[in-house]
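Asks: There's a structure below that I have some questions on.
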Amino acid sequence: MPGFSRNDALGIVLVCAYIAIVFFISEKAWKGDRAIGRKMLHISIGNIVFTLFLFDHWWAEVLIAGSALVFSLLTTRRMQGYFMSLASRLEGGRGIKRHVWLL
């Protein structure tokens with residue numbers, strides 16, 4: 001894997017800051033209609049494609065996309081239910097659902 005450049009680090013920091021700002025604004029500004037807030041959030045996050053010129057290496061871009069995917073998988077209710085049912089099956093169904101919380 002090639003080295004980690006200054007532009008890669010700058011791109012990762014800027015993308016993470018942009019995502020945090022978008023989440024904060026969408027949480028505060030769209031308290032009324034959640035559907036509109038969710039649509040605005042997805043449109044805003046889609047604008048990350050315009051930051052790709054900051055990166056020098058393709059794997060830094062994959063790192064950003066992969067971390068967003070993992071975060072999304074761990075925070076959605078459907079995936080939390082899947083992980084809890086999997087943990088319950090692994091424990092033999094001994095009431096682990098009350099004790100396992102991913103978030």
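Asks: On average, how much accessible surface per residue is there in the chain, in Å², for a 1.4 Å probe, leaving out ligands, DNA and RNA?
Replies: 78
Asks: What nm distance separates the two modelled labels at HIS42 and PHE23, each placed 7 Å from Cα along Cα→Cβ?
Replies: 1.9
Asks: In percent, how large is the relative contact order of the chain, given Cα pairs closer than 8 Å and 6 or more residues apart?
Replies: The normalised contact order for the chain reaches 25 percent.
Asks: Which angle from 0 to 90°, rounded to the nearest 10, does the C-alpha axis of helix 34-46 make with the longest principal axis of the chain?
Replies: 50
Asks: Follow-up question, since we're still on this one. Leaving out ligands, DNA and RNA, and with a 1.4 Å probe, what % of the accessible surface on the chain is carbon or sulfur?
Replies: Reported share for carbon and sulfur atoms: 67 percent.
Asks: Given a Förster distance of 30 Å, report the FRET efficiency between LEU52 and ARG78 from their Cβ-Cβ distance, rounded to the nearest 0.05.
Replies: The formula returns an efficiency of 0.55 here.
Asks: Let me ask something additional. Rounded to the nearest 500, what is the 222 nm mean residue ellipticity of the chain from helices alone, with -39500 (n - 2.57) per DSSP H run of 4+ residues and division by all residues?
Replies: Here the helix-only value at 222 nm equals -22500 deg cm²/dmol.
The values are calculated or read from the model by the stated rules, or taken from the named source; none is laboratory data. Please read all numbers here as calculations on a predicted model, not as lab measurements. All Cβ positions, glycine included, derive from the backbone under ideal geometry; neighbour counts span all protein chains shown. What goes into the accessible areas is simple: the full protein's heavy atoms, side chains included, and nothing from ligands, DNA or RNA. Shrake-Rupley method; radii C 1.70, N 1.55, O 1.52, S 1.80 Å.
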